[in-house]
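Here's the structure, in C-alpha coordinates; my notes come after.
The values are calculated or read from the model by the stated rules, or taken from the named source; none is laboratory data. Remember, it's a predicted structure, so these values are computed and weren't measured experimentally. Here Cβ is always computed from backbone atoms with ideal geometry, including for glycine, and neighbour counts include all displayed protein chains. Accessible surface areas use protein heavy atoms only, side chains included; no ligands, DNA or RNA. Shrake-Rupley method; radii C 1.70, N 1.55, O 1.52, S 1.80 Å.
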Amino acid sequence: MVNVEADEAIGPGRPAMMSMMKQTTAWPTAARWLPAMLVAAVLAGSSDAADPLRIDQLQLLGTHNSYHIAPDRFAMTMLSAVAGSRVTPLDCSHRPLTDQLEAGGLRHFEFDCYLDPEGTLFGSPLVIRLADAAGAEVPAFDPQGRLARPGIKLLHSPDVDVRTTSYTLHDALTDVKTWSDAHPEHVPLFFLLELKSDSFTMTRPLPWEGDAFASLEREIIAVWPRERILTPADVQGAAATLRDAVAGRGWPPVDAHRGKGVFLLDNEGALRDRYLAATAKSRLLFVSVDRDHPEAAWMKRNDPVRHEAEIRRLVEDGFLVRTRADANSHEARANDPRRRDLAITSGAQLISTDYPEPDLRLSDYCVRLPDPPEPRSD
(Lines give C-alpha, C1' and ligand atoms only; values in the text may rest on other atoms or scores of the structure.)
Protein backbone atom coordinates (compact mmCIF):
# COMPACT_ATOMS: atom_id res chain seq x y z
CA MET A 1 0.00 0.00 0.00
CA VAL A 2 1.18 3.52 -0.79
CA ASN A 3 2.91 5.31 2.07
CA VAL A 4 1.27 8.39 3.54
CA GLU A 5 2.96 11.58 2.40
CA ALA A 6 0.41 14.30 3.26
CA ASP A 7 1.96 17.60 4.35
CA GLU A 8 -0.94 19.14 6.24
CA ALA A 9 -3.07 18.06 9.15
CA ILE A 10 -6.75 18.90 9.29
CA GLY A 11 -8.97 19.22 12.30
CA PRO A 12 -8.13 19.19 16.02
CA GLY A 13 -5.95 16.32 17.06
CA ARG A 14 -4.81 15.48 13.53
CA PRO A 15 -1.36 17.14 13.68
CA ALA A 16 -0.11 14.60 16.23
CA MET A 17 -1.70 11.76 14.35
CA MET A 18 -0.25 12.80 10.99
CA SER A 19 3.16 13.43 12.52
CA MET A 20 3.24 9.95 13.98
CA MET A 21 2.09 8.49 10.67
CA LYS A 22 4.88 10.28 8.83
CA GLN A 23 7.36 8.65 11.19
CA THR A 24 5.96 5.13 10.76
CA THR A 25 4.40 5.39 7.24
CA ALA A 26 3.57 1.68 7.33
CA TRP A 27 0.00 0.51 6.89
CA PRO A 28 -1.27 -2.37 9.04
CA THR A 29 0.39 -5.71 8.51
CA ALA A 30 -0.97 -8.27 6.10
CA ALA A 31 -1.75 -10.64 8.95
CA ARG A 32 -4.34 -8.24 10.30
CA TRP A 33 -6.12 -8.28 6.98
CA LEU A 34 -6.35 -12.03 6.51
CA PRO A 35 -10.19 -11.85 6.46
CA ALA A 36 -10.05 -9.35 3.59
CA MET A 37 -7.58 -11.47 1.68
CA LEU A 38 -9.80 -14.50 2.05
CA VAL A 39 -12.89 -12.72 0.76
CA ALA A 40 -10.86 -11.25 -2.10
CA ALA A 41 -9.83 -14.76 -3.07
CA VAL A 42 -13.44 -15.90 -2.94
CA LEU A 43 -14.58 -13.01 -5.10
CA ALA A 44 -11.77 -13.51 -7.58
CA GLY A 45 -12.53 -17.21 -7.88
CA SER A 46 -16.30 -16.94 -7.98
CA SER A 47 -16.46 -17.12 -11.75
CA ASP A 48 -14.69 -19.06 -14.44
CA ALA A 49 -11.17 -17.82 -15.04
CA ALA A 50 -12.09 -17.00 -18.65
CA ASP A 51 -14.97 -14.74 -17.60
CA PRO A 52 -14.27 -11.00 -17.35
CA LEU A 53 -14.16 -9.56 -13.86
CA ARG A 54 -17.51 -7.92 -13.04
CA ILE A 55 -18.05 -4.78 -11.02
CA ASP A 56 -19.94 -6.74 -8.36
CA GLN A 57 -16.81 -8.90 -7.89
CA LEU A 58 -14.79 -5.94 -6.66
CA GLN A 59 -14.45 -4.94 -3.02
CA LEU A 60 -13.67 -1.24 -2.63
CA LEU A 61 -12.90 0.89 0.39
CA GLY A 62 -14.31 4.39 0.78
CA THR A 63 -14.97 7.05 3.37
CA HIS A 64 -18.08 8.04 5.28
CA ASN A 65 -18.73 11.81 5.09
CA SER A 66 -15.74 12.00 2.78
CA TYR A 67 -15.54 15.81 2.82
CA HIS A 68 -15.65 16.20 6.62
CA ILE A 69 -13.26 18.21 8.77
CA ALA A 70 -13.82 18.14 12.52
CA PRO A 71 -15.19 21.30 14.15
CA ASP A 72 -12.49 23.60 15.46
CA ARG A 73 -11.79 23.62 19.20
CA PHE A 74 -14.02 26.63 19.86
CA ALA A 75 -16.92 24.97 18.04
CA MET A 76 -16.37 21.64 19.80
CA THR A 77 -16.43 23.40 23.17
CA MET A 78 -19.68 25.15 22.29
CA LEU A 79 -21.30 22.01 20.91
CA SER A 80 -20.19 19.89 23.86
CA ALA A 81 -21.75 22.37 26.27
CA VAL A 82 -25.08 21.87 24.51
CA ALA A 83 -25.03 18.22 23.44
CA GLY A 84 -22.42 16.59 25.68
CA SER A 85 -20.86 13.36 24.45
CA ARG A 86 -23.21 13.21 21.47
CA VAL A 87 -20.81 15.46 19.57
CA THR A 88 -17.84 13.12 20.10
CA PRO A 89 -18.23 11.39 16.71
CA LEU A 90 -17.88 14.77 14.98
CA ASP A 91 -14.21 14.90 15.98
CA CYS A 92 -13.12 13.12 12.83
CA SER A 93 -11.41 14.54 9.76
CA HIS A 94 -10.58 13.25 6.32
CA ARG A 95 -7.79 14.18 3.96
CA PRO A 96 -8.64 16.05 0.74
CA LEU A 97 -10.30 13.83 -1.85
CA THR A 98 -7.27 13.65 -4.13
CA ASP A 99 -5.15 12.41 -1.22
CA GLN A 100 -7.77 9.78 -0.42
CA LEU A 101 -7.59 8.54 -3.99
CA GLU A 102 -3.84 8.70 -4.38
CA ALA A 103 -2.35 7.80 -1.00
CA GLY A 104 -5.23 5.86 0.48
CA GLY A 105 -6.39 3.95 -2.59
CA LEU A 106 -10.01 4.83 -1.77
CA ARG A 107 -12.54 4.36 -4.54
CA HIS A 108 -15.90 5.53 -3.20
CA PHE A 109 -17.08 8.66 -1.43
CA GLU A 110 -20.09 9.92 0.46
CA PHE A 111 -21.29 13.52 0.17
CA ASP A 112 -24.02 15.29 2.16
CA CYS A 113 -25.72 17.66 -0.27
CA TYR A 114 -27.74 20.80 0.53
CA LEU A 115 -29.54 22.90 -2.06
CA ASP A 116 -28.45 26.53 -2.28
CA PRO A 117 -29.50 27.91 -5.68
CA GLU A 118 -28.88 31.54 -4.70
CA GLY A 119 -25.70 31.04 -2.66
CA THR A 120 -27.23 32.71 0.41
CA LEU A 121 -27.86 29.95 2.96
CA PHE A 122 -24.58 28.71 4.36
CA GLY A 123 -21.91 31.41 4.02
CA SER A 124 -22.12 32.77 7.58
CA PRO A 125 -22.65 29.83 9.96
CA LEU A 126 -23.51 30.39 13.59
CA VAL A 127 -20.36 28.79 15.02
CA ILE A 128 -18.17 31.12 12.97
CA ARG A 129 -20.17 34.19 14.03
CA LEU A 130 -19.91 33.14 17.68
CA ALA A 131 -16.17 32.63 17.35
CA ASP A 132 -15.81 36.10 15.83
CA ALA A 133 -17.90 37.65 18.60
CA ALA A 134 -15.77 35.92 21.26
CA GLY A 135 -12.51 36.92 19.61
CA ALA A 136 -11.54 33.25 19.36
CA GLU A 137 -8.76 32.24 17.01
CA VAL A 138 -10.10 29.63 14.64
CA PRO A 139 -8.97 28.42 11.20
CA ALA A 140 -10.14 30.45 8.24
CA PHE A 141 -13.55 29.47 6.95
CA ASP A 142 -14.34 29.61 3.22
CA PRO A 143 -11.62 32.15 2.44
CA GLN A 144 -12.41 32.06 -1.28
CA GLY A 145 -16.13 32.65 -0.83
CA ARG A 146 -17.19 29.36 -2.39
CA LEU A 147 -20.35 29.22 -0.29
CA ALA A 148 -21.57 32.52 -1.74
CA ARG A 149 -21.82 30.98 -5.18
CA PRO A 150 -25.05 29.32 -6.32
CA GLY A 151 -25.04 25.56 -6.25
CA ILE A 152 -25.23 22.47 -4.06
CA LYS A 153 -23.14 22.68 -0.88
CA LEU A 154 -21.38 19.94 1.09
CA LEU A 155 -21.59 20.08 4.87
CA HIS A 156 -22.64 17.88 7.74
CA SER A 157 -25.01 20.17 9.64
CA PRO A 158 -25.83 23.84 8.94
CA ASP A 159 -24.45 26.37 11.43
CA VAL A 160 -22.82 23.80 13.74
CA ASP A 161 -20.71 21.24 11.80
CA VAL A 162 -19.65 23.07 8.69
CA ARG A 163 -15.95 22.53 8.02
CA THR A 164 -15.20 20.68 4.82
CA THR A 165 -12.43 19.96 2.35
CA SER A 166 -14.86 20.78 -0.49
CA TYR A 167 -17.45 23.49 -0.01
CA THR A 168 -19.50 22.58 -3.07
CA LEU A 169 -20.51 19.43 -4.92
CA HIS A 170 -19.02 20.96 -8.05
CA ASP A 171 -15.63 21.35 -6.36
CA ALA A 172 -15.65 17.82 -4.95
CA LEU A 173 -16.58 16.24 -8.28
CA THR A 174 -14.01 18.39 -10.09
CA ASP A 175 -11.22 17.22 -7.78
CA VAL A 176 -12.11 13.56 -8.33
CA LYS A 177 -12.62 14.07 -12.07
CA THR A 178 -9.17 15.68 -12.37
CA TRP A 179 -7.63 12.64 -10.70
CA SER A 180 -9.71 10.36 -12.93
CA ASP A 181 -8.50 12.12 -16.07
CA ALA A 182 -4.92 11.46 -14.97
CA HIS A 183 -5.67 7.77 -14.23
CA PRO A 184 -8.09 6.76 -17.01
CA GLU A 185 -7.77 3.01 -16.36
CA HIS A 186 -9.10 3.15 -12.80
CA VAL A 187 -11.98 0.90 -11.75
CA PRO A 188 -15.35 2.67 -11.54
CA LEU A 189 -15.52 5.24 -8.75
CA PHE A 190 -18.68 5.38 -6.65
CA PHE A 191 -20.34 8.51 -5.28
CA LEU A 192 -22.97 8.08 -2.56
CA LEU A 193 -25.09 11.23 -2.33
CA GLU A 194 -27.25 11.97 0.70
CA LEU A 195 -29.71 14.75 -0.10
CA LYS A 196 -30.27 16.69 3.12
CA SER A 197 -32.57 19.46 4.27
CA ASP A 198 -32.34 19.09 8.06
CA SER A 199 -31.10 21.74 10.45
CA PHE A 200 -30.86 22.18 14.22
CA THR A 201 -30.81 25.99 14.03
CA MET A 202 -32.78 28.85 12.49
CA THR A 203 -31.27 28.13 9.08
CA ARG A 204 -33.95 26.54 6.92
CA PRO A 205 -32.48 24.48 4.06
CA LEU A 206 -34.57 23.92 0.97
CA PRO A 207 -36.45 20.63 0.51
CA TRP A 208 -35.47 18.14 -2.17
CA GLU A 209 -38.52 18.07 -4.39
CA GLY A 210 -39.76 19.15 -7.82
CA ASP A 211 -37.00 20.55 -10.02
CA ALA A 212 -34.33 20.03 -7.36
CA PHE A 213 -33.49 16.60 -8.74
CA ALA A 214 -32.98 18.02 -12.23
CA SER A 215 -30.61 20.62 -10.79
CA LEU A 216 -28.66 17.88 -9.04
CA GLU A 217 -28.21 15.93 -12.24
CA ARG A 218 -27.22 19.10 -14.13
CA GLU A 219 -24.49 19.79 -11.58
CA ILE A 220 -23.20 16.25 -11.95
CA ILE A 221 -23.21 16.35 -15.76
CA ALA A 222 -21.45 19.73 -15.71
CA VAL A 223 -18.39 17.96 -14.30
CA TRP A 224 -18.76 14.31 -15.29
CA PRO A 225 -19.96 14.04 -18.90
CA ARG A 226 -22.65 11.48 -19.58
CA GLU A 227 -20.26 9.16 -21.43
CA ARG A 228 -18.11 8.95 -18.28
CA ILE A 229 -21.04 7.90 -16.05
CA LEU A 230 -22.38 4.37 -15.63
CA THR A 231 -26.15 4.87 -15.31
CA PRO A 232 -29.06 2.57 -14.48
CA ALA A 233 -30.01 2.52 -18.17
CA ASP A 234 -26.50 1.38 -19.10
CA VAL A 235 -26.68 -1.54 -16.67
CA GLN A 236 -30.25 -2.43 -17.62
CA GLY A 237 -29.49 -2.62 -21.31
CA ALA A 238 -32.17 -4.62 -23.15
CA ALA A 239 -33.55 -6.25 -19.98
CA ALA A 240 -37.15 -5.50 -18.99
CA THR A 241 -36.05 -4.00 -15.66
CA LEU A 242 -32.82 -3.07 -13.95
CA ARG A 243 -33.38 -5.88 -11.49
CA ASP A 244 -33.74 -8.38 -14.32
CA ALA A 245 -30.37 -7.29 -15.68
CA VAL A 246 -28.58 -7.74 -12.35
CA ALA A 247 -30.28 -10.49 -10.33
CA GLY A 248 -28.43 -13.75 -10.75
CA ARG A 249 -26.13 -12.20 -13.33
CA GLY A 250 -24.23 -9.41 -11.62
CA TRP A 251 -23.08 -6.04 -12.86
CA PRO A 252 -21.24 -5.37 -16.14
CA PRO A 253 -17.52 -6.12 -16.63
CA VAL A 254 -15.01 -3.79 -15.00
CA ASP A 255 -12.96 -3.35 -18.16
CA ALA A 256 -15.96 -2.02 -20.09
CA HIS A 257 -16.37 0.86 -17.64
CA ARG A 258 -12.93 1.90 -16.50
CA GLY A 259 -12.51 5.63 -15.98
CA LYS A 260 -16.20 6.11 -15.14
CA GLY A 261 -18.18 7.29 -12.14
CA VAL A 262 -21.25 5.64 -10.62
CA PHE A 263 -23.73 7.74 -8.62
CA LEU A 264 -25.85 6.25 -5.84
CA LEU A 265 -28.69 7.87 -3.89
CA ASP A 266 -28.20 7.31 -0.16
CA ASN A 267 -31.74 8.36 0.78
CA GLU A 268 -34.52 5.84 1.05
CA GLY A 269 -38.22 6.28 1.82
CA ALA A 270 -40.22 9.26 0.57
CA LEU A 271 -37.32 11.25 -0.85
CA ARG A 272 -36.12 8.29 -2.87
CA ASP A 273 -39.63 7.78 -4.19
CA ARG A 274 -39.83 11.45 -5.22
CA TYR A 275 -36.55 11.06 -7.07
CA LEU A 276 -37.81 7.97 -8.88
CA ALA A 277 -41.00 9.76 -9.91
CA ALA A 278 -39.16 12.89 -11.06
CA THR A 279 -36.65 10.91 -13.14
CA ALA A 280 -38.92 8.22 -14.55
CA LYS A 281 -37.76 8.78 -18.14
CA SER A 282 -34.04 9.01 -17.45
CA ARG A 283 -31.91 9.07 -14.31
CA LEU A 284 -28.26 9.20 -13.32
CA LEU A 285 -28.48 7.75 -9.80
CA PHE A 286 -29.03 4.18 -8.69
CA VAL A 287 -31.41 3.88 -5.74
CA SER A 288 -31.39 1.62 -2.70
CA VAL A 289 -34.63 -0.37 -2.78
CA ASP A 290 -35.95 -3.76 -1.76
CA ARG A 291 -34.40 -6.64 -3.69
CA ASP A 292 -37.70 -7.34 -5.48
CA HIS A 293 -38.13 -3.76 -6.72
CA PRO A 294 -37.78 -3.25 -10.51
CA GLU A 295 -34.98 -0.72 -9.87
CA ALA A 296 -32.99 -3.03 -7.58
CA ALA A 297 -29.26 -3.10 -8.34
CA TRP A 298 -27.62 -1.98 -5.11
CA MET A 299 -28.69 -1.94 -1.48
CA LYS A 300 -27.56 -0.07 1.61
CA ARG A 301 -27.04 -2.39 4.57
CA ASN A 302 -24.98 -0.26 6.92
CA ASP A 303 -24.74 -2.64 9.87
CA PRO A 304 -22.80 -5.80 8.95
CA VAL A 305 -23.32 -7.22 12.44
CA ARG A 306 -27.11 -7.30 12.08
CA HIS A 307 -27.21 -7.89 8.34
CA GLU A 308 -24.24 -10.15 7.59
CA ALA A 309 -26.34 -13.08 6.34
CA GLU A 310 -28.52 -10.83 4.20
CA ILE A 311 -25.49 -9.07 2.73
CA ARG A 312 -24.03 -12.43 1.75
CA ARG A 313 -27.28 -13.44 0.01
CA LEU A 314 -27.52 -10.14 -1.88
CA VAL A 315 -23.92 -10.39 -3.04
CA GLU A 316 -24.42 -13.97 -4.15
CA ASP A 317 -27.40 -12.83 -6.23
CA GLY A 318 -25.34 -10.22 -8.08
CA PHE A 319 -26.41 -7.06 -6.25
CA LEU A 320 -24.02 -4.41 -4.97
CA VAL A 321 -24.09 -3.72 -1.23
CA ARG A 322 -22.71 -0.82 0.74
CA THR A 323 -21.96 -1.32 4.42
CA ARG A 324 -20.08 0.55 7.17
CA ALA A 325 -17.07 -0.88 8.96
CA ASP A 326 -17.56 1.53 11.87
CA ALA A 327 -20.00 4.14 13.15
CA ASN A 328 -20.01 7.03 15.62
CA SER A 329 -16.30 6.44 16.36
CA HIS A 330 -17.16 3.49 18.61
CA GLU A 331 -14.83 0.99 16.96
CA ALA A 332 -11.87 3.37 16.96
CA ARG A 333 -12.34 4.37 20.59
CA ALA A 334 -12.77 0.77 21.71
CA ASN A 335 -10.15 -0.54 19.25
CA ASP A 336 -12.77 -3.10 18.31
CA PRO A 337 -12.29 -4.79 14.91
CA ARG A 338 -15.35 -7.06 14.97
CA ARG A 339 -17.67 -4.90 12.88
CA ARG A 340 -14.88 -4.11 10.44
CA ASP A 341 -14.01 -7.77 9.95
CA LEU A 342 -17.65 -8.72 9.41
CA ALA A 343 -18.02 -5.93 6.85
CA ILE A 344 -15.09 -7.35 4.90
CA THR A 345 -15.93 -11.04 5.12
CA SER A 346 -19.62 -10.43 4.31
CA GLY A 347 -18.50 -9.78 0.73
CA ALA A 348 -20.07 -6.30 0.60
CA GLN A 349 -18.49 -4.53 -2.34
CA LEU A 350 -18.55 -0.98 -0.95
CA ILE A 351 -17.16 -0.65 2.57
CA SER A 352 -17.23 2.79 4.18
CA THR A 353 -15.15 3.92 7.14
CA ASP A 354 -14.32 7.03 9.12
CA TYR A 355 -10.83 5.61 9.68
CA PRO A 356 -8.95 4.66 6.52
CA GLU A 357 -5.94 5.51 8.66
CA PRO A 358 -5.69 5.38 12.45
CA ASP A 359 -6.43 8.32 14.70
CA LEU A 360 -3.66 7.65 17.20
CA ARG A 361 -5.34 9.82 19.82
CA LEU A 362 -7.83 6.95 20.10
CA SER A 363 -6.19 3.67 19.06
CA ASP A 364 -4.53 2.02 16.09
CA TYR A 365 -7.91 0.96 14.68
CA CYS A 366 -8.27 1.53 10.94
CA VAL A 367 -9.69 -0.16 7.86
CA ARG A 368 -7.55 -1.25 4.95
CA LEU A 369 -8.13 -3.74 2.17
CA PRO A 370 -5.55 -5.76 0.27
CA ASP A 371 -5.09 -5.02 -3.39
CA PRO A 372 -8.31 -5.79 -5.28
CA PRO A 373 -8.69 -9.21 -6.94
CA GLU A 374 -7.39 -7.95 -10.26
CA PRO A 375 -4.04 -6.67 -11.54
CA ARG A 376 -3.76 -3.07 -10.38
CA SER A 377 -3.61 -0.72 -13.33
CA ASP A 378 -4.72 2.47 -11.60
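Starting from the Kirkwood radius over alpha-carbon pairs of the stretch 70-206, derive D by Stokes-Einstein at 37 °C in a medium of 0.692 mPa s and give it in µm² s⁻¹.
Value of D from the Cα-based Kirkwood radius: 204 µm²/s.
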Ordering SER80, SER166 by accessible area with a probe of 1.4 Å, largest first, what comes out? SER80, SER166
Keeping the other protein chains in place, figure out the carbon and sulfur percent of the accessible area of the stretch 129-271, with a 1.4 Å probe. 52
Cα→Cβ-extended label distance, 7 Å offset, between SER363 and HIS330, nm: 1.2
Which net charge results for the neighbourhood of HIS64, defined as the other residues with beta-carbon distances under 9 angstrom from its beta-carbon, given Lys and Arg at +1 and Asp and Glu at -1? -2
With θ taken as phi - 60° and the coefficients 6.51, -1.76 and 1.60, list the Karplus ³J(HN,Hα) couplings across the stretch 324-334 in order, rounded to whole Hz; mark glycine and proline as x. 10, 6, 7, 7, 6, 6, 4, 5, 5, 6, 8
Around LYS300, under 14 Å between beta carbons, what's the net of Lys plus Arg minus Asp minus Glu among the other residues? -2
Please give the net charge around GLY104, taking every other residue with its beta carbon less than 9 angstrom from that of GLY104, where Lys and Arg add +1 and Asp and Glu add -1. -1
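For the stretch 211-327, what is the convex hull volume of the alpha-carbon atoms per residue, in Å³?
129
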Take the Cα radius of gyration of the stretch 155-211 and divide it by 2.2 N^0.38 Å, with N its residue count; two decimals is plenty. 1.46
Taking a quarter of the surface of the Cα convex hull of the stretch 77-154, what do you get in nm²? 7.0
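Given a 1.4 Å probe and every protein chain left where it sits, what share in percent of the accessible area of the stretch 59-128 is carbon and sulfur?
59
Express in % the proportion of alpha carbon pairs of the stretch 287-349 at distances exceeding 19 Å.
On the way: 592 of 1953 pairs.
Here the long-distance tail beyond 19 Å is 30 percent of all Cα pairs in the stretch 287-349.
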